[in-house]
1. Give the carbon-plus-sulfur fraction of the accessible surface of the chain in %, rounded to a whole number; probe 1.4 Å, heavy atoms of protein chains only.
2. Taking a point 7 angstrom from the Cα of Asp190 along the C-beta vector, which residues in the stretch 138-172 have backbone N less than 20 Å away?
3. Between Lys243 and Gln149, what FRET efficiency comes out of the Förster formula 1/(1 + (r/R0)^6) with R0 = 22 Å and r the beta carbon distance, rounded to 0.05?
4. Just in the stretch 154-221: which trypsin sites (Lys or Arg not before Pro) are loop by DSSP and have at most 10 other Cβ atoms within 10 Å?
5. Near Lys103, which lysines are there with a Cα under 21 Å away, not counting those fewer than 8 places off in the same chain?
6. Say the dipole of the stretch 154-228 comes from +1 at the beta carbon of Lys and Arg and -1 at that of Asp and Glu; which of Val165, Ala210, Phe178 then lies farthest toward its positive end?
7. With charges set only on the Cβ (+1 for Lys and Arg, -1 for Asp and Glu), what does the dipole of the chain come to about its Cα centre, in debye to the nearest 20?
8. With point charges of +1 on the Cβ of Lys and Arg and -1 on the Cβ of Asp and Glu, referenced to the Cα centre of the chain, which listed residue (Cys127, Leu263, Ser69) lies farthest in the positive direction of the dipole?
Amino acid sequence: MNNIPIRTAAEIEKLRIACKLASDVLVMIEPYVKEGVTTGELDRICHDYIVNEQKAIPACLNYHGFPKSVCISINEVICHGIPSDDKKLKKGDIVNIDVTVIKDGYFGDNSKMYFVGEPSLKDKRLCEVTQEAMYKAIRVVKPGVRLNQIGKVIQTYVEKEGFSVVREYCGHGIGVEFHCDPQVLHYYGDDGGVILQEGMVFTIEPMINAGKKELRLMKDGWTVKTKDRSHSAQYEHQIVVTKDGCEIMTIRDEELERISRVLVND
Ligand code: MF3
Ligand code: CO
Ligand code: CO
């Protein structure tokens with residue numbers, strides 16, 4: 001059964017604030033993502049910024065026992081990489097940082113890829129395709145559209161480019177909880193017949209593998225890697241369905257040449 005909250009204008013305003021803070025963290029951390037820095041250090045910088053500057057709460061810290069404030073996933077790590085003082089970034093790494101903050105009880109969740117030095121052509125393409133897959137999905141969101149159209153556009157595009165879509169993790173409703181209905185599949189699957197409506201708030205966060213879609217969970221209980229050790233990329237935005245399209249609540253200025261914050265989708 002689906003129980004998808006419809007957010008009021010006042011709630012959406014609070015979500016906008018949380019989302020702006022979450023996207024500010026992704027911008028703030030960029031200059032620190034360099035060869036030689038540890039993911040533990042990046043986590044501390046994000047934590048201190050969220051707590052001391054933003055006066056907000058890092059949502060991942062202690063979430064179901066997650067030990068750090070943000071997820072940092074390098075190369076073959078698909079998601080939920082645990083920052084560590086033993087993990088140094090090296091030239092050629094592709095790195096996802098996933099940041100979720102809570103401000104005034106409301107959640108903002110987003111992630112993007114960073115390059116350490118020059119990535120391989122294939123890794124660069126993988127990241128471009130993953131981001132474009134997310135944008136293509138965002139461009140179909142409007143009231144009256146079936147939820148499964150999101151996964152359909154992502155899967156069709158990604159597979160045409162020769163990459164694969166991770167099945168085990170999906171986008172999610174979000175608001176005063178980290179994860180709620182709907183489940184947003186990134187492949188064409190069972191959506192329970194859900195039709196998008198104005199005021200629904202959810203994330204789109206495709207995880208795309210350069211090789212096969214299969215994964216394995218590491219012994220730490222969190223880190224998820226590709227089974228075939230191919231590289232994986234992810235981008236995530238949080239959006240709200242509007243009267244005639246959607247609004248990207250976590251958009252960053254650097255993206256505005258590619259997509260606008262408020263979309264009227266046809
Ligand atoms: N931010 C992730 C998401 O997009 C969730 C991370 S949960 C954690 O849904 F516990 F691993 F931090
Ligand atoms: Co999310
Ligand atoms: Co996230």
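1. Ligands and nucleic acids excluded, carbon and sulfur reach 51 percent.
2. Residues 146-153, 155, 166-172 fall inside that zone.
3. Calculated transfer efficiency: 0.75.
4. Passing sites in the stretch 154-221 are Lys219.
5. Lys14, Lys20, Lys55, Lys68, Lys112
6. Ala210
7. 500 debye
8. Cys127
The values are calculated or read from the model by the stated rules, or taken from the named source; none is laboratory data. Predicted model, so just to flag it, every value in this text is computed and none were measured. Ideal geometry is used to build each Cβ from the backbone, glycine not excepted, and the neighbour counts take in all protein chains shown. Calculation scope for accessible area: heavy atoms of the full protein, side chains included, ligands and nucleic acids excluded. Shrake-Rupley method; radii C 1.70, N 1.55, O 1.52, S 1.80 Å.
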